[in-house]
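Working notes, structure below.
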Amino acid sequence: MDLHFVRRGTGRPLLLVHGIGGSWRSWNTIIDALAAERDVIAVDLPGHGETPQLEGENSIATLADAVTGFLTQHDLLGIDAVGSSMGARLVLELARRGGVLGAVVSLDPGGFWQGWQIPFFYHSVDVSVKLVKALQPVMPALAGSAVGRTVLLPQFSARPWAVDAQQAIDEMYTFAHSPAFDELLDQLAHGEVQKPAPQGSIPGPLIIGWGRQDRVCLPSQSKLALEKFPDARLYWFEHCGHFPQWDQPAEATRLILAVTSRQPFTDESIALSKSEEAAPALPKAAVVGAALALLAGGIWLLSSRRKRGR
């Protein structure tokens, strides 16, 4: 099947692969900066955005097959790639298969949880998405407010109030409207575990980036990711949650361009001095009040829907 995609810029091609419930718009915070130097191709995965759902199983394996088919169809095999969350797991799997991708940047990949971390991931994301679905009638107003974003996005961002408002609105919409979301969430938590790539089997540059404050894919999971992908180099994003492209867009852009240019770099040169302006803090009382209001509203909406369904 073909995938819906957008293409911007000129230069060496660069593939962007979003996470579960996202779309190509998940990259809006950095796509223009990347397109200033690269020919950027941002796809909608099957069951996301404007790409229809796969017939049959939706899993990491079948999504990887679909992306490989897309790259083959468009004569893009060997393209450099960046993935986020589930998309980060996808680009690791494609790198493991060999012959599909060139340089790879994997940002906070899912699938390296163990033990209690599995139900923690599954149930926390499941509850969050159910609430997002219930709140869709008022979501633009909530996600458009700094206080609303602080309440909605703390699992995904270290500075949720600073996330771009339109970015949050778009992401909350696609989370609620992806027909493949529930199956893929179950597959990520309970499906086939990620197969390892033996040392020396991945010839191209491979970087795994991780946010120090990631509350979806916990930072401790980076140890297993490196055990399974020993050719990878780990890069830490400070003051950053699950999406570096949201919390540290300039730093994420520098890392992606450095890796895919295949030039030596140091972590310090990517992080610079950390002098990028910190987002202003929100009053605690406002955050607590908004959280209680959001929780009450979500419970009321869920209750109303259950009653109508009887």
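Read the figures in this text as sums done on the coordinates, not as results from a lab. Values in this document were obtained by computation on a predicted structure and should not be read as measured data. All Cβ positions, glycine included, derive from the backbone under ideal geometry; neighbour counts span all protein chains shown.
If you fit an axis through the alpha-carbon atoms of helix 181-190 and take the longest principal axis of the Cα set of the chain, what angle between them do you get, 0 to 90°, nearest 10? Here the helix axis deviates by roughly 70 degrees. The length gained on full extension between His190 and Arg8, counted as 0.36 nm times the residue separation minus their Cα-Cα distance, comes to 61.9 nm. Taking amide H as placed 1.01 Å from N in the peptide plane, Leu101 has its amide H under 5 Å from the amide H of Gly78, each at least 5 places away in sequence or on another chain. Running a GNM on the chain with Cα contacts under 10 Å, which residue among Ala143, Ala64, Ala258 ends up with the highest mean-square fluctuation? Between Ala143, Ala64, Ala258, it is Ala258 that shows the largest mean-square fluctuation. Residue-wise HN-Hα couplings along the stretch 60-66, as the Karplus relation 6.51 cos²θ - 1.76 cosθ + 1.60 with θ = phi - 60° gives them from phi, are 4, 5, 6, 5, 4, 4, 5 Hz; Gly and Pro carry x.
For the stretch 3-12, putting each phi into the Karplus relation 6.51 cos²θ - 1.76 cosθ + 1.60 with θ = phi - 60° gives couplings of 10, 5, 8, 10, 9, 9, x, 9, x, 5 Hz, in residue order, rounded to whole numbers and with x for Gly and Pro. Annotation: extensible slack from Gln73 through Trp116 equals 11.4 nm (criterion: 0.36 nm per residue apart, minus Cα-Cα distance).
When both the stretch 3-48 and the stretch 194-252 are represented by their alpha-carbon centers, they are found 19 Å apart.
Taking the fewest neighbouring Cβ atoms within 10 Å as the starting point, the ordered list for Glu55, Glu171, Glu93 is Glu55, Glu93, Glu171. When the Kirkwood radius is taken over all Cα pairs of the chain, what Stokes-Einstein diffusion coefficient follows at 20 °C and 1.002 mPa s, in µm²/s? Using the Kirkwood radius from Cα pairs, D works out to 109 µm²/s.
Which chymotrypsin sites (Phe, Trp or Tyr not before Pro) in the stretch 136-226 sit in a loop by DSSP (not H, G, I, E or B) and have at most 11 other Cβ atoms within 10 Å of their own Cβ?
Working: sites: Phe156, Trp161, Tyr173, Phe175, Phe181, Trp210; in loops: Phe156.
Hits after loop and neighbour filter: nothing returned.
Seen against the Cα atoms of the chain and their longest principal axis, helix 86-97 is set at about 20 degrees. Taking the chain as a Gaussian network, Cα atoms linked when under 10 Å apart, which of Asp75, Asp231, Asp32 shows the biggest mean-square fluctuation? Of Asp75, Asp231, Asp32, the most mobile in the Gaussian network model is Asp75.
List the chymotrypsin sites (Phe, Trp or Tyr not before Pro) within the stretch 230-275 that DSSP assigns to loop and that have no more than 16 neighbouring Cβ atoms inside 10 Å.
When the chymotrypsin sites (Phe, Trp or Tyr not before Pro) of the stretch 230-275 are filtered for loop state and at most 16 Cβ neighbours within 10 Å, Phe265 remain.
Which angle between 0 and 90 degrees, to the nearest 10, do you get for helix 284-309 versus the longest principal axis of the chain when only C-alpha atoms count? Computed tilt is about 80 degrees. Amide H contacts of Thr51: His4, each under 5 Å away and 5 or more positions distant or on a separate chain (H built 1.01 Å from N in the peptide plane; Pro and chain starts excluded).
Applying 0.36 nm per residue to the separation of Val127 and Glu268 and subtracting their alpha-carbon distance, the gain on full extension is 47.0 nm. Rounded to the nearest 5, the antiparallel percentage of DSSP beta bridges internal to the chain is 20%. Mean-square fluctuations from a GNM of the chain, with a 10 angstrom spring cutoff on Cα atoms, peak among Thr260, Thr174, Thr72 at Thr72.
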